[in-house]
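Visitor: Handing you a structure now.
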Amino acid sequence: MKKRKHPKTGKDLSTPNNGEVRRDAEEVVAAEGRWRVVGPGKPPRRAPSNYRYVDELVRLQFELLKMQEWVRLQGLKVCVLFEGRDAAGKGGVIKRITESLNPRVCRVVALATPTERERTQWYFQRYVAHLPAAGEIVLFDRSWYNRAGVERVMGFCSDEEYQEFLRACPLFEEMLVRSGIYLIKYWFSVNDEEQEARFTERMQNPIKRWKLSPMDVEARKYWVEYSRAKDVMLEHTDRKATPWYIVDADNKKRARLNCITHLLGQIPYKDLSPVELDLPPRQPDTGYKRPRKSSQHWIPELY
C-alpha cells in the first residue's frame, strides 16, 4: 500500500495506529475514567492554556446533561443544523453531543435521498415531520440546505427550484422561530488539504469507508463551485433571527469543544439538581424454581 502522509502534521495515514476508530475508542475509555473527577462541570469562560481535550469534553458533556434536563422539563424545542464540507467533522461533533444524552430527548436526523413521492412534495415537507416537539432536541446531520449545496452544484434541482429555495428558506425559518423553536445553524469549514487527508484515511480504513460516498469523491472536482454556492447561501439565509455560525474545523478536537461550548450558550438553561435515588432491596426468595439452563437456547461461548 502506498504511504500517504498528512499534508500538515506529516503523520503516516496508511498505518492502523493512526486510525480514527482507534482514536475514538481511546477517547471513550479516557472519558469514562473522568466522570467522577471533573468537579462542578461548569466550562470556564476561557480555556486554560494547559487544558486537556478529554477533560474539557467531559466537562462540556456534563453541561449538555443539564441543558437536556432543562429542555425536557421546560418543554423547549431545539433544532440544530450541521452543514459543511464533506469530512469536515460534523458527525464527530454530533457523536460527542449525543453519546451522553437520552435518545428519547435528543435525536439525530440524517435523511437519505428523497423518494419519488417525496420529490413531488413541497420541498420542506419531509423535514417538517422531524422537527422537535416540546421537550426535544433534534440534530440535523445535513438538512434542507441540501438544495443550496449539493443539489445546486450537481444539478439535482432546476434553477427555478433553487431560486425559490433562496426566497422561501428565510421565511420558512422565520416561521420556525416564531413558533417557539430554537433554530441554531452551524457551517463546518475545512481547507482543501485537510479534507484530502481525511478522505485518504477513510479510503484506507474499511470501518470508516462507508462515510466516503461516490458523491463525496465526485464533489471534490467542484470545490470552487461548492465555495460559490456556500457564499450565495450565506448571503440569502444568514439573517439576524436565524444566523449562521461558522466552525473552523481544520482541527477536529478544537472544533468539537468550540461548537459544544457555543451550543450551550444558545440555550438559557439552569442547573437542576438531580433527584436523589435509593436502590430498593431485591425481592426475597419465595421458593420459585427457574427452568433448567439446558432447556434454553444459549449462544456458544467462543470467547
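Visitor: Could you count how many residues in the range 72-99 are under 18 Å from E196 (Cβ atoms), charged (D, E, K, R) and under 8 Å from the mean Cα position of the chain (by Cα)?
Guide: 1
Visitor: Looking at (1) in contact with a strand residue (DSSP E or B) (Cβ under 7 Å, 6 or more places away or on another chain); (2) modelled with pLDDT of 95 or more, which is the only condition A88 fails?
Guide: Evaluating A88 over (1) in contact with a strand residue (DSSP E or B) (Cβ under 7 Å, 6 or more places away or on another chain); (2) modelled with pLDDT of 95 or more leaves (2) as the failure.
Visitor: Every residue in the range 147-198 that is at pLDDT below 95 and in a strand (DSSP E or B), please.
Guide: Listed by number, the list holds a single entry, S189.
Visitor: Within the range 84-140, restricting attention to residues that are crowded, with 16+ Cβ neighbours inside 10 Å and among the acidic types (D, E), which residue is farthest from N191 (Cα to Cα)?
Guide: Checking each candidate, the answer is E136.
Visitor: Related question: Which residue pairs have Cβ atoms under 6 Å apart, sit 6 or more places apart or on different chains, and have a first residue in the range 239-262 that is under 16 Å from G91 (Cβ atoms) and in contact (Cβ under 8 Å) with a residue 12 or more places away in the chain and a second that is of a type in the set (D, E, K, R) and in a loop (DSSP other than H, G, I, E, B)?
Guide: Matching pairs, first to second residue: none at all.
Visitor: State yes or no: is P280 touching a residue at least 40 places away in the same chain (Cβ under 8 Å) and out of contact with any Phe, Trp or Tyr (no Cβ under 9 Å at 6 or more places or on another chain)?
Guide: So P280 fails the test.
Visitor: Every residue in the range 231-255 that is touching a helix residue (DSSP H, G or I) at 6+ places or on another chain (Cβ under 7 Å) and over 14 Å from V80 (Cβ atoms), please.
Guide: M233, H236, T237, R239, A241, D248, A249, D250, K252, K253, A255
Visitor: What is the one condition in (1) closer than 27 Å to E173 by Cβ; (2) surrounded by 13 or more Cβ atoms within 10 Å (Cβ to Cβ); (3) more than 21 Å from the chain's Cα centre (by Cα); (4) charged (D, E, K, R) that R256 does not satisfy?
Guide: Result: R256 fails condition (3) only.
Visitor: For E201, only one of the following conditions fails: (1) outside any loop (DSSP other than H, G, I, E, B); (2) at pLDDT 95 or above. What is its number?
Guide: Unmet condition: (2).
Visitor: Please work out which residue is nearest to G75 (Cα to Cα), limiting yourself to the range 217-253 and to residues that are among the β-branched types (V, I, T) and buried (at least 16 other Cβ atoms within 10 Å of the Cβ).
Guide: T242
Visitor: How many residues are in contact with a helix residue (DSSP H, G or I) (Cβ under 7 Å, 6 or more places away or on another chain) and assigned to a helix (DSSP H, G or I) if we restrict to the range 115-136?
Guide: 3
Visitor: Another question, then. Among the residues of the range 54-94, write down those that are assigned to a helix (DSSP H, G or I), among the charged types (D, E, K, R) and in contact (Cβ under 8 Å) with a residue 60 or more places away in the chain.
Guide: Scanning the range 54-94 gives E56, E63, K66, E69, R72, K90.
The values are calculated or read from the model by the stated rules, or taken from the named source; none is laboratory data. Just so we're clear, the structure is a prediction, and the values are computed from it rather than from any experiment. Note that each Cβ is placed from the backbone with ideal geometry, even for glycine, and that neighbours are counted across all protein chains shown.
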